[in-house]
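Chemist: Got a structure for you, questions after.
The values are calculated or read from the model by the stated rules, or taken from the named source; none is laboratory data. Note that the structure is a prediction, hence the values are computed from the model and not measured. Backbone-built Cβ (ideal geometry, glycine too); neighbour counts: all protein chains shown. When the accessible area is computed, the model is the full protein with side chains, heavy atoms only, and any ligands, DNA or RNA have been set aside. Shrake-Rupley method; radii C 1.70, N 1.55, O 1.52, S 1.80 Å.
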Amino acid sequence: MASSLEDHEEICAQRYAEVDRRLSNVEDKIDKLGEKIDANFRTLTFMIIGAMAGVGTLVGIIVALLGVL
C-alpha cells in the first residue's frame, strides 16, 4: 500500500512541476506582451502629438495667409 501512495506522490509532483513550468511560460509571455503594449502606446502618443503640431502649423499658415489677403 505504501508503494501506491509513493507512486501517487511522485505522479502529483511531476504534474505540479509541469503546471509550474507552463505557468511560468504564460507569465513570461504576458510580461513581454505588456512591454510591447507600453512601447506601442508611447509611439502612438508621439505620433498623435506630432500630428497635432502639424495641424497647428497648417492652421497658423492659413490664418497668416488670410491675414495677408
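Chemist: Taking the range 1-16 only, how many residues are assigned to a helix (DSSP H, G or I) and exposed (fewer than 10 other Cβ atoms within 10 Å of the Cβ)?
Modeler: Qualifying residue count for the region: 4.
Chemist: Going by the structure shown, is Gly60 exposed (fewer than 10 other Cβ atoms within 10 Å of the Cβ) and in a helix (DSSP H, G or I)?
Modeler: Criteria not met by Gly60.
Chemist: So if I check each of Ile30, Ile37, Ile48, which one is open to solvent by 80 Å² or more (accessible area, probe 1.4 Å), at pLDDT below 90 and among the aliphatic types (A, V, I, L, M)?
Modeler: Details: Ile30 fails: at pLDDT below 90; Ile37 fails: at pLDDT below 90.
Only one candidate passes the filter, namely Ile48.
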